[in-house]
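The values are calculated or read from the model by the stated rules, or taken from the named source; none is laboratory data. Model, not experiment: these values are computed from the prediction. Here the Cβ positions follow ideal geometry from the backbone for every residue, glycine too, while neighbour counts run over all protein chains shown.
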């Protein structure tokens, strides 16, 4: 059985081939973006999700992928704004909202916040940052990013 890096490289090659065969379909760009996100190349993944959205603006998997990239880059305000902008698309199906909540929950339960909150000084900074974020989006209680 090939190792995970080799499997990831094979999937990247397959999605690149799909893009070359069907450049007008967003799925290839989305799939390649997911593979780059798995390999830790968030900037490349963001560009590919944006490319998929330029082909089909309401393509929900790419919107979820872009939200996940924003959260992985710790851009909470941008993620909250992005969710707010696409709120109608998220509310069409409950699974989209559930996935956004899982992405956000995994961020808040992850190692980033554990290490971030180790010192008492960072607790005050964290509370101030989250408080400011919540004040910005106070009217939107359904936004899972906040």
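See the values below:
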{"quantity": "Number of positions in region 52-68 that are touching a residue at least 24 places away in the same chain (Cβ under 8 Å) and surrounded by fewer than 23 Cβ atoms within 10 Å (Cβ to Cβ)", "calculated": "8"}
{"quantity": "In region 78-91, residue modelled with the lowest pLDDT [restricted to those that are under 14 Å from residue 64 (Cβ atoms) and surrounded by fewer than 12 Cβ atoms within 10 Å (Cβ to Cβ)]", "calculated": "91"}
{"quantity": "Residues that are assigned to a helix (DSSP H, G or I) and under 14 Å from residue 56 (Cα atoms), drawn from region 15-31", "calculated": "26, 27, 28, 29, 30"}
